[in-house]
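A.B. asks: One structure follows; several queries about it will come next.
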Amino acid sequence: MKLRDLDIIVTAPPAPGWGGRYWILVKLTTDNGITGWGECYAAAVGPKAMRAVIEDVFARHMQGENPENIELMFRRAYSSGFTQRPDPTVIGAFSGLEIACWDILGKARERPVWALMGGRMNERIRAYTYLYPLPHHQLPDFWVSPELAAESAADCVNRGYTAVKFDPAGPYTLRGGHMPAMSDIAQSVAFCRAIREAVGDRADLLFGTHGQFTTAGAIRLGQAIEPFSPLWFEEPVPPDCVGQMAQVAARVRIPVATGERLTTKAEFAPVLREGAAAILQPALGRAGGLWEARKIAAMAEVYNAQMAPHLYAGPIEWAANIHLAVSIPNILMCETIETEFHNRLIGGTIRVENGFVGAPEAPGLGIEVDEALARAHPYEGDELHLQMQEEPCDYVNGNVFAGGAPPRKD
């Protein structure tokens with residue numbers, strides 16, 4: 001069995017657009033006609049440029065190869081251009097292609113992917129969700145309202161979720177770490193208080209930030225929300241500041257989580273070694289794929305750390321996350337996004353039920369991709385999957401983060 005053909009679909013989820021402006025889906029076909037699906041999360045270049053990178057990685061390192069030889073293909077991509085170091089764009093391209101290889105292998109052996117990666121360790125996986133506006137909520141009011149966030153959190157808990165994530169402490173600026181405005185700290189405290197009162201002890205609070213603070217600023221903010229006992233403080237300083245993140249972890253009584261912007265075990269190892277985080281959040285469409293994520297999980301196990309795979313993408317990356325989670329002992333939970341488009345794209349083959357996802361039993365990733373639906377929603381914009389603002393923190397009028405990629409009005 002050899003890898004023969006590659007197809008790439010860049011699909012744009014319709015409004016409300018949760019999961020990003022577009023998803024990069026890859027489809028591989030072998031010489032004996034087996035197809036496998038993957039998803040690339042790398043988003044440092046636009047989708048047209050990324051398509052060329054994916055095509056190059058496939059042609060250069062994978063085409064004509066047996067899909068079983070994942071370690072060999074990874075080493076080729078990792079060493080490409082005489083680098084032998086993480087390149088988020090190249091490894092991001094490889095990650096989606098690697099996931100597709102596992103889908104092929106599972107189908108060829110008529111077994112789910114988790115069965116090929118160590119077997120079933122977990123019967124079901126705890127899921128968590130970001131707080132999204134309910135149908136009667138108005139935007140942009142939702143993003144600055146603790147009361148509306150609390151209402152959304154209560155709805156999530158009533159649907160079975162035992163953990164909810166929110167990130168009221170913007171902005172995310174390309175200028176690097178900043179000191180939070182007092183209004184940002186007050187807003188964060190208000191959100192934590194309202195959500196905690198709404199869910200009580202029925203759910204964990206997951207406090208999201210994305211590397212926007214200085215070390216001192218992260219410590220100030222983290223200590224302010226400590227009384228509400230969040231389960232994690234996500235990426236409080238820029239992802240490359242491992243030593244500084246360790247300082248935050250030592251000064252704030254909330255577990256630090258990080259990893260959605262890291263790629264390969266080479267970038268996760270220092271996080272563990274420095275004691276910078278207790279929870280790792282690899283995005284499988286960027287971190288190197290399933291096999292590399294399995295290695296990251298093994299490293300985390302040695303350091304008594306847990307895994308919580310990140311998801312701000314489509315349902316194919318989500319399916320890969322679930323298979324990894326089923327096969328490892330140190331899984332904490334998996335992020336999920338429930339929209340009609342996510343569900344329809346994989347034909348409802350994997351679902352959240354009462355806050356948990358059961359181990360898939362169908363061969364491969366266990367999903368049925370609606371290729372026609374994906375092609376019917378092409379991405380035609382020129383923005384990236386996610387983007388940071390250029391404007392600095394506003395210390396006068398306050399700040400707002402509009403929940404990821406702003407929704408389009410289709």
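A.B. asks: Take the conditions more than 27 Å from LEU290 (Cα to Cα), in contact (Cβ under 8 Å) with a residue 60 or more places away in the chain and assigned to a loop (DSSP other than H, G, I, E, B) and apply them to PRO135. Does it pass?
C.D. replies: No; evaluated as a whole, the condition is false for this residue.
A.B. asks: For LEU311, indicate whether it is touching a residue at least 24 places away in the same chain (Cβ under 8 Å), buried (at least 21 other Cβ atoms within 10 Å of the Cβ), not charged (D, E, K, R) and not in a helix (DSSP H, G or I).
C.D. replies: yes
A.B. asks: Right, another one. Of (1) touching a residue at least 40 places away in the same chain (Cβ under 8 Å); (2) touching a helix residue (DSSP H, G or I) at 6+ places or on another chain (Cβ under 8 Å); (3) not polar (S, T, N, Q), LYS2 satisfies all except one. Which?
C.D. replies: Condition (2) is where LYS2 drops out.
A.B. asks: Taking ALA42 as meeting all but one of (1) buried (at least 17 other Cβ atoms within 10 Å of the Cβ); (2) assigned to a loop (DSSP other than H, G, I, E, B); (3) out of contact with any helix residue (DSSP H, G or I) (no Cβ under 7 Å at 6 or more places or on another chain); (4) among the small types (Gly, Ala, Ser), write down the number of the exception.
C.D. replies: Here ALA42 clears every test but (3).
A.B. asks: Does LEU205 satisfy the criteria of being touching a residue at least 60 places away in the same chain (Cβ under 8 Å), surrounded by fewer than 24 Cβ atoms within 10 Å (Cβ to Cβ), under 26 Å from ALA149 (Cβ atoms) and not charged (D, E, K, R)?
C.D. replies: no
A.B. asks: Please determine, by comparing only the residues of region 138-169 that are touching an Asp or Glu at 6+ places or on another chain (Cβ under 7 Å) and part of a loop (DSSP other than H, G, I, E, B), which one is modelled with the lowest pLDDT.
C.D. replies: ALA169
A.B. asks: Being modelled with pLDDT of 95 or more and surrounded by 18 or more Cβ atoms within 10 Å (Cβ to Cβ) narrows it down to one residue among GLU340, GLU361, GLU371, GLU335; which is it?
C.D. replies: The conditions single out GLU335.
To keep it simple, each residue is scored yes or no on (1) touching a strand residue (DSSP E or B) at 6+ places or on another chain (Cβ under 6 Å); (2) modelled with pLDDT of 95 or more; (3) basic (Lys, Arg); (4) closer than 19 Å to GLY106 by Cβ.
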{"residue": "ALA246", "(1), (2), (3), (4)": "no, yes, no, no"}
{"residue": "ARG251", "(1), (2), (3), (4)": "no, yes, yes, no"}
{"residue": "ALA283", "(1), (2), (3), (4)": "no, yes, no, no"}
{"residue": "LEU290", "(1), (2), (3), (4)": "no, yes, no, yes"}
{"residue": "ALA300", "(1), (2), (3), (4)": "yes, yes, no, no"}
{"residue": "MET307", "(1), (2), (3), (4)": "yes, yes, no, no"}
{"residue": "GLU317", "(1), (2), (3), (4)": "yes, yes, no, yes"}
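The values are calculated or read from the model by the stated rules, or taken from the named source; none is laboratory data. Not measured: the values here are computed from a predicted model. Cβ atoms come from the backbone with ideal geometry, glycine included; neighbour counts cover every protein chain shown.
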